[in-house]
1. Residue check: is residue A:391 within 14 Å of chain B (Cβ to nearest Cβ) and within 18 Å of residue A:26 (Cβ to Cβ)?
2. With respect to the numbered conditions (1) more than 14 Å from residue B:118 (Cα to Cα); (2) in contact with a helix residue (DSSP H, G or I) (Cβ under 8 Å, 6 or more places away or on another chain), which one is the sole condition not fulfilled by residue B:314?
3. Mind listing just one residue for me: the one in segment B:194-206 that is in a loop (DSSP other than H, G, I, E, B) and surrounded by fewer than 23 Cβ atoms within 10 Å (Cβ to Cβ) and, of those, nearest to the other protein chains (Cβ to nearest Cβ)?
4. Identify, by number, the condition in (1) at the interface with another protein chain (Cβ under 10 Å from one of its Cβ atoms); (2) under 23 Å from residue A:257 (Cβ atoms) that residue A:185 doesn't meet.
5. Limited to segment A:201-210, what total is found for residues that are crowded, with 21+ Cβ neighbours inside 10 Å and either more than 29 Å from residue B:188 (Cα to Cα) or more than 14 Å from chain B (Cβ to nearest Cβ) (or both)?
6. Does segment B:59-78 contain at least one residue that is surrounded by 23 or more Cβ atoms within 10 Å (Cβ to Cβ), more than 10 Å from every other protein chain (Cβ to nearest Cβ) and under 18 Å from the mean Cα position of the chain (by Cα)?
7. If a residue has to be part of a loop (DSSP other than H, G, I, E, B), farther than 12 Å from residue A:63 by Cα and within 8 Å of another protein chain (Cβ to nearest Cβ) to count, how many in segment A:38-52 make the cut?
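The values are calculated or read from the model by the stated rules, or taken from the named source; none is laboratory data. Please read these numbers as outputs of a predicted model, since none were measured by experiment. Cβ atoms come from the backbone with ideal geometry, glycine included; neighbour counts cover every protein chain shown.
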């Protein structure tokens, strides 16, 4: 195995003290920006770009890569503990993670998230090392019709999240779609819903929407109830982050399923890790229903944390592969790293592995080392993080509010973003008040523009011929899977109703 | 005890913010001269082309002592026109330079902004790079002549992938169509958000051809996964082994130029000073190194030459945008 030899050589470079130091700095920094709402690994890399100018490229990239992975480790922490995910990639983890925290299993949820992120990252990185040329092929198999099918598939697959109340779910979807529609429309150049203000031409950043809706909305929500619920909120900070064998066997398949979703998504440009994390969450929810697991959606199920978290980090692994071997940035952080490569006068692509082997292999080796570092940093610290919940609520949530505003202002130093943040925060508060689910807003804001743009691109290329949407084997199989899934869920729904009706009938007759 | 710790922590955090705030206040207040403290506005997000250009400039100026301190401020949005609007409100500020370039001309025309390059002071054009038209390796088209013939016969069936609408890739597709002899409005242009996506669009045979900066495709061209048919350079460029459109008989040239502008309402002396700063920066070894690394070509010009160039380009861009029906 040629790759193995090169990788071992890479390890010898990655394990030098200087590179280990960069790795450690990156891991800590990445975890930190991941935890803080609004700040993300993309921004950390962007801010560090000029600083690393005089650094040797290997050290710089090792640091960037570990920031990227670190961000994905850290983002779930604040989501689990405070219901305010540090980044959009942790939204899916937050649903079950925060429920577990409320149930007194905060450390456990954090531990599961760390192990999930580790597993997903490890498997993805291994695949990249040995199969990156094939992974890259995946990107070239996908045209706009395939992307559209994928977006439609994702919509259907995660409709489970929306299902509790159809009307409320649809309201939330509509809010998300309209937020996403603001700005210049790519395919036609027309400005939509900008109120004539040039500041809106670039649309509303998904970071502003996430932080406003989830972080600031939660702060307002907690603030509005602080004297009503008082200290009765029963979040306990105790508990071990390590999984028992039984928990591990429950979570392990979810780790693998999540990784399975994450892997292909890293190699194709569909907006980073949000889609696969939602898909993983939807799958776990369906499986829990089938198992009759009542923890899911109430006390919080370990699988609901394990799946999405593994999916998120698996995309980061294959995104590195797509970046190195194809020069294709599939996430915001990867785009920053692409800029960094250009700064050093290198162009990621098919020739990078030959031309800059002395950089690529140490970088890949450092991904493995970085994941181990991150697991070591995050697992024992889960219990420490969980102690954060001991901080009195008014301090804690004031801190969240401050960091949200900082994070959003740091994106573009724009006052408009802050007003938007406040507006969306109030919206999030109102939505919580009326029990309108928040997830569909974010799902719509992420998937909506994707579906729209790709559909229009596909039809532009085919000159309006709808056949393009179903003509390739990939689209055909995606739509067939989707059709089968819809039929099955419809049948289950009908059966469920009948079963319910049958169950209620004897009660009502006995009552008579 | 616990209370004491909290108080100390609170005091520490407050102190940090206080220091940061004073530092910020001192940097935003007062009048600095360009030589002592220069602000470079990159009207793009960190990591983009203009941002890279700004940071390379910053580095070359600072290391060689052209200015004492230089900082880069990112004002992203709408093809740079958000930044341009802000610069338009800085009349008389003597310590600010903003990056500008070909992309901004299209964006100004497209967004119909209040501020145009007429409302600011042109300082210099510094570096260019060129666009290239590529087809997939398995495409039937071997030369630009083949492609032109096929494209003209069926413009709708030949989707062209490129960057955002009104950007330089789009304008180039329109100019080519015009030169080949069909209505630019018939160009089936599919806009993507960056060179990477244009590349996958070409590799997946979604688009018949793609247009992007030469640097973004150069490795793929060398590796043989895509074939370059022509570049938009006016003259053959060293190190680019692809015929220019002009060499192939299509009279089309367009460069992705980058340069600096300053606010309006500055004195002639200040303008001279800013031109001198840029000229000195341009002469440094660090800048030369930056040009090699980024594969930019030198196009340094200032003064009347620059004014004429921008005036001509503005008219040309406006005309082609109209032709494209935007």
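1. For residue A:391, the condition - within 14 Å of chain B (Cβ to nearest Cβ) and within 18 Å of residue A:26 (Cβ to Cβ) - is not met.
2. Result: residue B:314 fails condition (1) only.
3. Going through the qualifying residues, I end up with B:204.
4. Answer for residue A:185: the failing condition is (2).
5. Qualifying residue count, segment A:201-210: 4.
6. no
7. Within segment A:38-52, residues that are part of a loop (DSSP other than H, G, I, E, B), farther than 12 Å from residue A:63 by Cα and within 8 Å of another protein chain (Cβ to nearest Cβ) number 1.
Condition check ((1) in contact (Cβ under 8 Å) with a residue 60 or more places away in the chain; (2) surrounded by fewer than 24 Cβ atoms within 10 Å (Cβ to Cβ); (3) in the same structural domain as residue A:85 (by TED's automatic domain parsing)) across all residues:
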residue	(1), (2), (3)
A:241	yes, no, yes
A:248	no, yes, yes
A:255	yes, no, yes
A:259	yes, no, yes
A:280	yes, no, yes
A:286	yes, yes, yes
A:292	no, yes, yes
A:295	no, yes, yes
